[in-house]
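Here's the structure, in structure tokens; my notes come after.
The values are calculated or read from the model by the stated rules, or taken from the named source; none is laboratory data. This one's a predicted model, so the numbers in the text were calculated from it and none came from an experiment. Neighbour counts are summed over all protein chains in view; Cβ atoms, including those assigned to glycine, are modelled from backbone coordinates with ideal geometry. For accessibility, only protein heavy atoms count, side chains too; no ligands or nucleic acids. Shrake-Rupley method; radii C 1.70, N 1.55, O 1.52, S 1.80 Å.
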Amino acid sequence: MTCAQGAVTWRVAVGFLACVLRTTWGQSTILPAAMDCALAAHTIQVREAASEVFYCPEYFSNRTCCSEAELMFVWEKVEDMLRFIQRVLSDASEEVFEPASLEEGPCKEYHSRLFSSRVSAYQRARHTAEQGARILQDAGLHFLCGACFACAVPLKTSQIDDFVRRALHSVQDTMGAILEAQRTADRAPHAMCALGYVESLHAGVPFPAWGRFAPEMDLLGERSRRRNAWRSQRALGAVLSAWLDRVLALLLELPSALLFQQSLLRLAFFYLERPDSDAHALLHGSVLEGASVAKWPDGMEWGEAAGARGGGPGGPGGPGEPGLDDLCPEGPRRLLLFVPQGLGAEDLRRWREALVVEKEGEEGAWSLLWVASAPGHVEALLSAAVAGGHHGVAEGLHGVAAPAVARRRLVWRRFEVRDGDAFVASICGGRAAWLLVLSELGGRLSPQSPEVPPEAVASLLRRIVEAEEAFPPEESHDRAEGEEVQQKAPVALRGELLDLGPNDDVVGRAMGSVAEDGLNLWGLRPAVPLSRPLPWPSEAFEEYVRAHAAFRESLRLGGEASSSPSGSRVLIYTCTSMSLCGGHGDRLNGMLGAAVVALLSGRFFFIDSQRPVPLSLVLEPQRLDWRLHGTMAALPAAINLNDKLATFEADPGWLLDHRASVLRLVSNQRLTSAALRAAPRRAEAMGLAPQPKLHAHLFHELFRPSTAFRRRLGARGLPATARLIGVHFRAGDQMPAHW
């Protein structure tokens, strides 16, 4: 809605004044115009501008565009944050004691200063956070009232908005000054006094000055904005909550980090006297003379040391990749059934009863591989197999005697498969297979399509078997490089499977009486062979690396301190004291997914990961130097996608085309597949797709093991030509039930 349109819906004169103010100030307000109740098309009159627990200031009228539930939803979020700030600050001890003793010598004064300066810095940051909490409370109330009540004095709301902006800018400047003073105090007077841990805290380039302060709220995305979806309770709460989270991070990240750093400093000095320990190598980066350290020449990929650069001739998991293609079902008729995590236990039982052979020795056509990620599904499938006596027989479909290899019955993954075609290619190489994706049955082409019964799918599978052209001759693994396998459906059924509609007459012929219900069987189809991978690294990626190095150098030299270099945009993956980073797997998912988003959106990629230790102490930059510091004292444009993969998949363009010049991203999700699908042309131009080993390639471009890491590898005494396999055993609190 434009300002002129908004003025018509309320008071013409006052509304017009608000529009003029916004235009002449030349600065966007913190509360987006689309959320300003004064510009809303529909409002209703209530008794007063208030709720059961708070009153809006007197300059708000009693015309509202929100429900009581919306008001309470957001205000509870504000109160929760204020209680959280108070709890964090009260739990943190203001009394920080220095170590009992420090070694006498020329470095003692400096080492003592590392502690005393942090005590002083923490006290200043804490005081600033307490002041910011009051600003957060007042601002939260002001913006909630602005989003839900029409303002009788638009000039007043603009003044309050400007006051909040200036107050937050003061908080951000103060936090930045505290961090810069700490950086100065951390400079060692001599190289012999330097500590690896302290040096790594300030490694890399500083946060871009022209992106440190962006207090404006983010709407849900262009598509959501056009649908006016922000006016729902959930969307309104999400927008305001995301903004409150950003301010909360500005208030608490620096004081929390300063306290945590004191704990790490104690460890650093403790292990300073134990140079033979792994902790010494990690926190100080030094290695004992004569200690075994794995050699890692510049430019070498991790897998190259084990003779594993590039994988086998069949691509990742193809026939040249040992082990993975053993998972592919045997026989010419292969079906991979992907079980969504949301499938109910009763539905799973129905599918198994409809599809799976209950007796050994029956004749038939299909061999079946279940692919599941939910522990309950895995337990149910295994229990059913044991109860049916299938200890050594893989499951097949009705009328099938599958090969007697139990390990090919089920694949248990940590995450759901997002790309079935890529998964089939990874385990079956060039061999033909079909997919049955239960989550795609029924509603993909028409939300009104009825549920597809398992018996209908089983019937269609039997018809496929009966078609003479159902299965082409088995392809040889020795096919010419780049030659693609053409997987065919039966001629009589091809149109039904690849272009199904709820009222398709062909479906009726295939499904008989069941098709009278208008079933949609899009989720059952042949796997589509992957295109030949593009050469890696692509010339476009090489150009990106060169441009990144030049941009990084300009940041290092302090150039363009107050404004962004022409066309320069930045994405920073962040893991700090106030962000839920997750474990090793979550962090790698977040970092690599963020790198893909940066490449697709034309942004320079950086990482600021300080918790529990700076990432560079474990993984050093390889070809692209991603190190950056200072995020904890900034209020940039920011997006948090922790445990929000579905949010990103619903509208990837919101992130890929975000307008902010500097964007902070917190994520523990695999964003790659959805991002590549959302921007296929950009992905191909950058050489990212088709690229089956994309994450592996990016990992090698970004990281190499640090000195401490290589020391640990060297201590293993592994053969120089060995293939290394890392196993992440994760049982957690489910160990008694599952292990």
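Values for this structure:
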| quantity | calculated |
| --- | --- |
| Mean Cβ count within 10 Å, highest first, over the residues of peptides 547-558, 120-131, 36-47 | 120-131, 36-47, 547-558 |
| Cubic angstrom per residue, convex hull over Cα atoms of the range 602-662 | 125 Å³ |
| Note, ³J(HN,Hα) from phi for the range 417-430, Karplus 6.51, -1.76, 1.60, rounded to Hz, x at Gly and Pro | 6, 9, 10, x, 5, 5, 5, 4, 4, 6, 10, 10, x, x |
| Protein-only accessible surface order, largest first, of 273, 379 at 1.4 Å | 273, 379 |
| Under 5 Å, built H, 5+ apart or other chain: amide partners of residue 410 | 370 |
| With all protein chains modelled, accessible area of residue 654 [1.4 Å, Å²] | 60 Å² |
| Karplus (6.51, -1.76, 1.60) ³J(HN,Hα), θ = phi - 60°, over the range 70-84, in Hz, Gly and Pro reported as x | 4, 4, 5, 4, 6, 5, 4, 4, 4, 5, 4, 5, 5, 5, 5 |
| Accessible area per residue in Å² at 1.4 Å probe, computed on the range 638-720 | 43 Å² |
| The range 97-215, relative contact order [Cα under 8 Å, separation at least 6], % | 35 percent |
| Nearest-10 value in Å² for the accessible area of residue 160, using the 1.4 Å probe | 40 Å² |
| Derived scalar couplings ³J(HN,Hα) [the range 37-43; Karplus, 6.51 cos²θ - 1.76 cosθ + 1.60; whole Hz; x for Gly, Pro] | 5, 5, 9, 6, 6, 9, 9 |
| 15 Å reach of a label modelled at residue 532, 7 Å along Cα-to-Cβ, counting backbone N of the range 667-711 | 690-692 |
| Nonlocal amide H pairs with residue 61, under 5 Å, H built at 1.01 Å | 150, 151, 152 |
